[in-house]
1. Of all residues being basic (Lys, Arg) and modelled with pLDDT under 90 in region 98-128, which is farthest from the chain's Cα centre (by Cα)? Just the residue, please.
2. Provide a single number: the residues in region 116-126 that are within 18 Å of Tyr84 (Cα to Cα) and in a helix (DSSP H, G or I).
3. Identify, from the list Val87, Val71, the residue that is among the hydrophobic types (A, V, I, L, M, F, W, C), buried (at least 18 other Cβ atoms within 10 Å of the Cβ) and in the same structural domain as Pro35 (by TED's automatic domain parsing).
4. Has region 63-70 got any residue that is out of contact with any Cys (no Cβ under 8 Å at 6 or more places or on another chain) and over 30 Å from Asp104 (Cα atoms)?
5. From Arg88, Arg3, grab the single residue that is within 30 Å of Pro149 (Cα to Cα) and modelled with pLDDT under 90.
6. Quick check: is even one residue across region 164-174 modelled with pLDDT of 85 or more, surrounded by 15 or more Cβ atoms within 10 Å (Cβ to Cβ) and outside the structural domain of Trp26 (by TED's automatic domain parsing)?
7. I'd like to check something: does region 55-62 contain any residue that is in contact with a helix residue (DSSP H, G or I) (Cβ under 6 Å, 6 or more places away or on another chain), over 30 Å from Leu103 (Cβ atoms) and not assigned by TED's automatic domain parsing to the domain that holds Ile119?
Amino acid sequence: MRRIKYTHGYDLLVKVGFVVAATYIWFVLFMISIPVTDSISEYLKSKDFNALLILVYIIRYFGLIVLTIAVLMNTIFPHWLSTYLYVRLSLRTKISREEADKLDFIFSGTLSRNWYPLIGVKKVNMFARRPLLFALANDIASRDNRREPFPVNGPASFDNKPISALKKIYNLRYWIALSAIMLIQVLGVVIYLVFGDQKL
């Protein structure tokens, strides 16, 4: 067990990617929103609804931040992604998206700022790694007064066949999200070309 300053490299990679993507998407959404929010602001000023201007500015800045984070966390940057990458690539153990979600508490540093590398898992036979990993997760959860994520007699038995999380990551929902991001980029270019020479 290591005292956390950072967890693993994949966690850092995902976090950096999340920040870069969030900044880019927020900026594009912000530029797209400028003509709309400016029009609303001018209308509110003409009607002396100055108090509502605060709400417009809150939506313009903070509302877009919340929207950007929510979209990314529910599409291409789910919270379990770094755990999935660590287990698959570092521990060389096949797990599904659902299993990565259940294992995330071990590798994310949420256990009193501790995380468990569990490097020894990859030293055992490849067919025994998943059961061993799940048993260790149950043991860690029990010691931390958590409910066992993989009950032996429950529906999430060790005998379940692993489902490739990569296939699920790129299912219809994620392709829709990626298409929406591309559409946002196109809209941003169009708005820049239309309004770029005007004072916003």
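1. At the first step, the residues of region 98-128 found to be basic (Lys, Arg) are 102, 113, 122-123.
Those left that are additionally modelled with pLDDT under 90: 113, 122-123.
Values: Arg113: 20, Lys122: 26, Lys123: 30 Å.
Within region 98-128, the match that is farthest from the chain's Cα centre (by Cα) is Lys123.
2. Here is the first cut: in region 116-126, the residues within 18 Å of Tyr84 (Cα to Cα) are 116-122, 126.
Among the residues that remain, those that are also in a helix (DSSP H, G or I) are: 119-122, 126.
Number of matching residues: 5.
3. Values: Val87 fails: in the same structural domain as Pro35 (by TED's automatic domain parsing).
Selected residue: Val71, the only one of Val87, Val71 that is among the hydrophobic types (A, V, I, L, M, F, W, C), buried (at least 18 other Cβ atoms within 10 Å of the Cβ) and in the same structural domain as Pro35 (by TED's automatic domain parsing).
4. Start the filter on region 63-70 by keeping residues that are out of contact with any Cys (no Cβ under 8 Å at 6 or more places or on another chain), which leaves 63-70.
Pick out the ones that are also over 30 Å from Asp104 (Cα atoms) and you get none.
So far as region 63-70 goes, no, none of its residues is out of contact with any Cys (no Cβ under 8 Å at 6 or more places or on another chain) and over 30 Å from Asp104 (Cα atoms).
5. Details: Arg88 fails: modelled with pLDDT under 90.
Testing whether each residue is within 30 Å of Pro149 (Cα to Cα) and modelled with pLDDT under 90 leaves just Arg3.
6. If we filter region 164-174 for residues that are modelled with pLDDT of 85 or more, which is where we start, we get none.
The answer is no; no qualifying residue exists.
7. Of region 55-62, the ones in contact with a helix residue (DSSP H, G or I) (Cβ under 6 Å, 6 or more places away or on another chain) are 56, 60.
Now narrow it down to the ones that are over 30 Å from Leu103 (Cβ atoms): 56, 60.
Then drop every residue that is not not assigned by TED's automatic domain parsing to the domain that holds Ile119, which leaves 56, 60.
Checked against the condition, which is being in contact with a helix residue (DSSP H, G or I) (Cβ under 6 Å, 6 or more places away or on another chain), over 30 Å from Leu103 (Cβ atoms) and not assigned by TED's automatic domain parsing to the domain that holds Ile119, region 55-62 yields at least one hit.
The values are calculated or read from the model by the stated rules, or taken from the named source; none is laboratory data. Note that this is a predicted model, so its numbers are computed, not measured. Cβ coordinates were reconstructed from backbone atoms using ideal geometry, including for glycine residues, and neighbour counts include every protein chain displayed.
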